[in-house]
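The structure appears right after this line, and notes come after that.
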């Protein structure tokens, strides 16, 4: 049993005086898709922020065997984790191509060819390569955020609410791409999603958070099948 | 409130006594130096009302001092008025200009206001020279006055009155409105405070004080030229305010002492040392102790309490 | 007409100087959200350094380059040591801090070099060049050339290099930039370094004309602020266009309207600042930008 790629142990986090996480422990294995579910305010986004270092946190976080709990966001990115935050985090004033180039910031050497191959995966973006990212539609921006994250050749992709505000068709194509990336490249994904059905279909393992703690965890299939569990924690 | 009042009175009474009896122990020359401390103190009182209390930055307050100083000088040189009576008039003229400036200043926030007032500081000497019909241009105006100890007493009497007046105003609803505006304009507006009125008023009051200070400066010297109120004056006022503690009326004394005496003592090192030291002090204070001397005192006081 | 075109070119030269310093102000503002009131004094200090190099026999362009390098390093160091600690503090604190820097640097300049006015050489000859019946000073043309060249180099840097991209990203979205791995702090420092270098260019261009003295850049700073505000504080293009336009307009005003000679141009600069801030605060090229913190 290989050690997990990402491991959190007893992680606590706070915004100023308000504590948001009260000891979260979870693991993402190499090449796994893990879903992080729960109601609003349960701490899902905060958990991702704790990993990427954009919130004050304590506890143990390790990635590929090395500790991450004291790292700055820049160092986390260099370690091979790509965090796509809520609201996409694209640079509206920069063009699509420039956004992609930025995504490759931590990589050395030539990345020119990369831009084109990544764009090939997202044809809608290829058409708009020279447009400012701010002029793209919501769905296109989400794809851009994803494409930018890929430019870094991460080992772990953390996605925060990719389906938010997007039409079902668009969401479906995004998840198809995600599945492709996971299967072809072995990209591990930690997925925060309000849309539990979607998340449970895509993931192999799921954690359900409630007020800053892990309430339920297990294989996604089991969670999908257990009706009472679904109803009490996920509302359907 | 009465506890604070008692605390302030505890400083004020001995302070007033020291001020009152000081000239008996020092020479006339030194008395004049301490009078100058008084001038800066009055100007800083005004600046603190503006910045510390209504939250508006002014990097050009020397201009208001210049307006007051030149008003006084013109009245004395061209109209033969007795110097003492020019002081309140100078204050009123400067205050009027301040009110007039306060109105458009309403539309400027933070950095923009800083930029605009910096521009005033830099451009004002040019204006003074331009209107040389009034101001005597670069040669300035000559005043045949003989300042002596009475100037010291007059200055500190005015300063004391200004301080008390300032306290009183700030203790009234006007002062509370100022503080409310400074802390959160949105909240203040929603409780019915009109920013336009109070911010403009703050500008007027602070200019009034500066004008009086300027008049005193004019009276203390033999002449008034554009060099009497240079750009550096505006900047040193900011230094004095920040080092004394922004918004602290008593802190203005510390600031005034710094502005007056640092050049005298530090110039032993070299002619330019005072400036370097003042700049360094200001940078240091902003980095380490943004509350200035008053903030330091508060720290000391609060660490004494259990 | 001849007189007019001569004054326009002369105005463009002044404008180029304002534009360089204005661009410096805007770069700092865009990256750190701060107006550096000491930008002019830093430029003066750098120009005095250049004078020292020239005085010791180093020829012009090497001295120029050396000064730029030192100014750059100084700007980077300043950001890391003095500005970084006050990141996020109230506007007032930072404004007063840069005022303190202004006083400090000006004092240091006077302390090291004394207050006497000196001559500063220009790399361009003062001979005129004749186009038709008009005579243009080579020096003026040279100043315009150098200013535009610096701006062009900077534009290339921002658009086509990785560092330039990183700086732009850090200026606009520091949080998202961190997620991508950009060391935002160093990007800000880079911005200050570039601004200091630009200021040095501005200083070395203006010194031959107004003679080198410690207070040389105070007026220029005012015009730079006016240009930056005119163009829109967050717009680099605006700063350059604003600077050139301001130079031309002030020069023409000074020539044709007698009230505006000499020192009164400062009042003109103040007038521009007040007019723009009161009528259209976002300037010609600015948008009502929402600064993401």
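No lab work stands behind these numbers, since they all come straight from the coordinates. These numbers were taken from a predicted model, which means no experiment stands behind them. Backbone-built Cβ (ideal geometry, glycine too); neighbour counts: all protein chains shown.
Values computed for the structure shown
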item	result
q = 0.13 Å⁻¹: log10 I(q)/I(0) that the Debye formula gives for chain C, counting C-alpha atoms only	-0.88
Full-stretch length increase - residue C:65, residue C:163 - with 0.36 nm per residue and alpha-carbon distance subtracted	33.2 nm
Residue list for region A:1-35, given a label point 7 angstrom along the Cα-to-Cβ vector of residue A:210 and an amide N cut-off under 20 Å	A:10-13, A:19-27, A:35
Value at 222 nm in deg cm²/dmol, rounded to 500, when DSSP H runs of n ≥ 4 in chain B each add -39,500 (n - 2.57)	-25500 deg cm²/dmol
Within the protein assembly as shown, percent of DSSP bridges classed antiparallel, to nearest 5	65 percent
Pairwise FRET efficiency - residue A:176 versus residue A:229, Cβ, R0 = 25 Å, nearest 0.05	0.35
Peptide A:146-156 - average C-beta neighbours from other chains (10 Å radius)	1
Spin-label pair residue C:127/residue B:29, simplified geometry with 7 Å Cα→Cβ offset, distance in nm	6.0 nm
Beta bridge orientation in chain A: antiparallel %, DSSP, nearest 5	55 percent
Neighbour-count order for C:41, A:193, A:222, A:7, fewest beta carbons within 10 angstrom listed first	A:222, A:7, A:193, C:41
Alpha-carbon spread of region B:87-130, three principal axes, descending order, Å	32, 23, 13
Gained length - residue C:73 relative to residue C:279, 0.36 nm times residue gap less alpha-carbon distance	70.3 nm
Normalised alpha carbon radius of gyration of region A:91-152 [divisor 2.2 N^0.38 Å]	0.98
Chain A - mean residue ellipticity at 222 nm from DSSP helices (-39,500 (n - 2.57) per run, n ≥ 4, rounded to 500)	-10000 deg cm²/dmol
Coordinate range along principal axes, alpha carbons of region A:161-203, Å, largest first	28, 17, 14
Residue B:18 versus residue C:112: modelled label distance in nm, points set 7 Å from Cα along the beta carbon direction	3.9 nm
Chain A: C-alpha pair distances exceeding 29 Å, %	25 percent
In nm, spacing of pseudo-spin labels at residue A:56 and residue A:164 (7 Å Cα→C-beta vector)	2.3 nm
Modelled FRET efficiency - R0 45 Å, residue B:132 with residue B:103, Cβ distances, 0.05 increments	0.95
Region A:1-140: mean projected area of Cα convex hull, nm²	10.2 nm²
Hypothetical label at residue B:194: residues of region B:17-56 whose amide nitrogen lies under 19 Å (7 Å Cα-Cβ projection)	B:54
Size descriptor, Kirkwood hydrodynamic radius, that averages inverse alpha-carbon separations across the protein assembly as shown, Å	30.0 Å
Cubic angstrom per residue, convex hull over Cα atoms of region B:2-231	117 Å³
C-alpha long axis of helix A:112-121 to longest principal axis of chain A, angle in °	60 degrees
Cubic angstrom per residue, convex hull over Cα atoms of region C:1-113	138 Å³
